[in-house]
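Chemist: My questions will all concern the structure given below.
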Amino acid sequence: MSEYRFSRCTESANAPQRLHWAVIGGDPRFVFNELATAIKAQVHPNALIDAIADLRAVLERIEQCAAVDPSDIKNITRNRDLWEMRFHLDTWGLIIRIYETEVRELPAHIVLLHAHQKVVDVRPEEIADLQNEQIDVATARWIEGRPSAWGLV
């Protein structure tokens, strides 16, 4: 197993980074739509704009490598090519996970591969299994999109 790597988003010297939504199945908005679906499922329609604004503010801080706690973006043990962005927006009851990659050939880009609402209302052993399923989705997208740099080139 390779060594743990900190996300480049945790060091201000790496700013700015550009978040890039991976192109999945020819759709450049696929991962963004996953994120929107996760938010819509949890947040009342009247509060949706505010919840999205809160999440957007967090994503902008990540792009600027500012105010990011290293534990908010963790390198995945099962796949060191992936990081897990962890968002807890308690006001909205959201526990969002976004899986991303940071490849050397794209030093100013963070490629977002998969997004979902973390399931926590199950037995503890099921939480890990469900999380691993989500990591598997991101891993498959990493493998599939790597030759085309996930639509960046």
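Chemist: Give me the one-decimal nm value for the distance between modelled label points at Ala13 and Leu152, 7 Å along each residue's Cα-to-Cβ direction.
Modeler: Inter-label distance under the simple model: 2.0 nm.
Chemist: Could I ask something else about it? Using the crude model of +1 on Lys and Arg Cβ and -1 on Asp and Glu Cβ, and no other charge, please compute the dipole size for the range 3-73 relative to its Cα centre, in debye to 20.
Modeler: Once rounded to the nearest 20, the dipole reads 180 debye.
Chemist: Tell me the GluC sites (Glu not before Pro) within the range 1-97 that lie in a loop according to DSSP and have at most 14 other beta-carbon atoms within 10 Å.
Modeler: Glu3, Glu11
Chemist: Is it possible to state the helix-based mean residue ellipticity at 222 nm for the chain, with each DSSP H run of 4+ residues giving -39500 (n - 2.57), the sum divided by total residues, to the nearest 500 deg cm²/dmol? What is it?
Modeler: For the chain, the value works out to -11000 deg cm²/dmol.
Chemist: Follow-up question, since we're still on this one. Using bins 5 angstrom wide from zero, how does P(r) for the chain break down, in % of all Cα pairs?
Modeler: 2, 9, 18, 23, 22, 16, 8, 2, 0, 0
Chemist: Within the range 1-96, list the trypsin sites (Lys or Arg not before Pro) lying in a DSSP loop whose Cβ has at most 15 other Cβ atoms in a 10 Å radius.
Modeler: Filter output for the range 1-96: Arg5, Arg29, Arg78, Arg80.
Chemist: Find out how many positive minus negative residues lie around Asn132, taking Lys and Arg as positive, Asp and Glu as negative, among other residues whose Cβ is under 14 Å from that of Asn132.
Modeler: Result for the local shell: -3.
Chemist: Quick one: if you stick a label point 7 Å off each Cα along the C-beta vector at Arg61 and Leu130, how many nm between them?
Modeler: Label-label distance for Arg61 and Leu130, simple model: 2.6 nm.
Chemist: So, one more: Using a Gaussian network for the chain with springs between C-alpha atoms less than 10 Å apart, which of these wobbles most: Glu100, Glu125, Glu133?
Modeler: Glu125
Chemist: Note down the nm distance, to one decimal, between modelled labels 7 Å out along Cα→Cβ at Val103 and at Asp90.
Modeler: Each label point is offset 7 Å from its Cα along the Cβ direction, giving 3.9 nm.
Values in this text are rule-based calculations from the coordinates and carry no lab data. Values in this document were obtained by computation on a predicted structure and should not be read as measured data. Every residue, glycine among them, receives a Cβ derived from its backbone with ideal geometry; neighbour counts consider all protein chains shown.
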